[in-house]
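Worksheet for the structure shown next.
The values are calculated or read from the model by the stated rules, or taken from the named source; none is laboratory data. Keep in mind that what you see is a predicted model, and the values were worked out from it rather than measured. Cβ: placed from backbone, ideal geometry, glycine included. Neighbour counts: every protein chain shown. The area values use the complete protein model at the heavy-atom level, side chains included, leaving out ligands, DNA and RNA. Shrake-Rupley method; radii C 1.70, N 1.55, O 1.52, S 1.80 Å.
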Amino acid sequence: MTTHAPRENAAAPSGNVSANNSPIYTLFDVDVTTTLQREHILRLAAGVSGAIHVRGFGLPEDCRDIMEALAVQPLGAYDEAFIYPRIAKLGPAAYDFYVAHGLDEEYWKHAEDAVAVRSALLRGTDPMDYAVERVREGWGGDVEYARSGGRPMFAGMIREIANGAKLHFDEITRESPGLLDETPASFLTLNWYLDMPEHGGSTSVHRHRWRPTDEQYRDRYGYTTEAVADEPFVTVRPEPGDAVLFDSRNLHSIEQISGAGRRVTLSFFLGITGRGPLHLWS
């Protein structure tokens with residue numbers, strides 16, 4: 001098993017791992033930057049980056065104000081019969097409402113309610129608007145909400161993960177076929193960290209996409225670590241205000257937290273479309 005250390009705005013390739021004279025580079029590092037750029041997103045989409053760690057994606061005072069406003073808002077959770085330990089959240093996950101290649105009507109009501117709450121969390125404004133603008137600046141092109149049945153989907157779930165998350169993957173076209181009106185060519189996820197605990201809470205991403213043989217390692221909603229034995233991986237532990245992006249199709253897990261503080265993120269998926277715009281959903 002190989003893990004790679006972060007590289008500060010680095011472009012040099014990882015070490016040659018070829019067994020002969022034909023060079024092969026692992027290319028699965030954490031690229032650390034203070035400015036998200038189009039090249040970062042494309043490197044993730046191409047599979048030659050393990051994760052992008054964007055330092056200072058949001059201002060510390062913005063994160064503090066969002067957390068203060070969030071403290072008086074009740075949070076829901078994923079279905080604990082399926083995802084346990086509990087993961088608290090604001091906003092619907094599309095696959096929770098997937099029916100017959102589309103979305104149950106309850107999804108749209110949950111989305112409307114979540115946006116109404118979220119829209120005032122940043123001193124009367126929506127922190128998702130800020131996050132989308134940062135992504136648009138980095139991408140240098142159009143950023144749109146993905147559509148299902150012609151309707152723009154919800155994006156920008158706020159989640160608190162205290163007890164960690166099992167090794168799992170997220171791939172909407174495999175888990176919910178036919179849900180998106182336009183199938184993206186690549187799938188990424190962005191997590192903007194509004195708060196982080198004193199210890200724990202790191203994310204590990206493995207260079208391993210789901211394959212049918214992984215089902216022998218199934219553990220409820222996720223998988224046991226045998227599924228990624230001897231696979232390269234990266235681990236990222238950001239600070240409040242930072243953002244982390246990675247390919248959500250790679251198996252990934254979250255470490256349990258300890259000590260003071262909470263692990264709270266604003267999270268959404270990004271899909272690179274054949275037309276060029278980035279599509280967003282949760």
TODO: Sort out the exposed loop GluC sites (Glu not before Pro) in the chain (DSSP loop, at most 10 other Cβ within 10 Å) and tell me the longest stretch that has none.
DONE: 81-197
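Would you kindly state the longest site-free stretch of the chain, with sites defined as trypsin sites (Lys or Arg not before Pro) in a DSSP loop (not H, G, I, E, B) surrounded by at most 15 other Cβ atoms within 10 Å?
It works out to 124-219.
Residue separation times 0.36 nm, minus the C-alpha to C-alpha distance between Arg209 and Asp142: what's the value? Please list the in-between numbers first.
Values: separation 67, 0.36 × 67 = 24.12 nm, distance 2.78 nm.
Length gained, Arg209 through Asp142: 21.3 nm.
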Task: Computed [θ] at 222 nm, helices only, for the chain once each DSSP H run of length n ≥ 4 contributes -39500 (n - 2.57) - done: -5500 deg cm²/dmol
Task: the chain: angle of helix 127-139 to the longest principal axis, Cα-based, in degrees nearest 10 - done: 40
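So for Tyr221, Tyr130, Tyr107, Tyr25, what's the accessible-area order with a 1.4 Å probe, most first?
Solvent-accessible surface, decreasing: Tyr25, Tyr130, Tyr221, Tyr107.
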Open item on the list: Compute the angle between helix 105-118 and the longest alpha-carbon principal axis of the chain, please, reported from 0 to 90 degrees and rounded to the nearest 10.
Closed with: 90
Open item on the list: Positive end of the dipole of the chain, charges at C-beta (+1 Lys, Arg; -1 Asp, Glu), about the Cα centre: which of Thr26, Tyr193, Gly58 has its Cα farthest in that direction?
Closed with: Thr26
Open item on the list: I'd like the accessible area for Val205, computed on protein heavy atoms only with a 1.4 Å probe and all protein chains in place. Round to 10 Å², please.
Closed with: 0
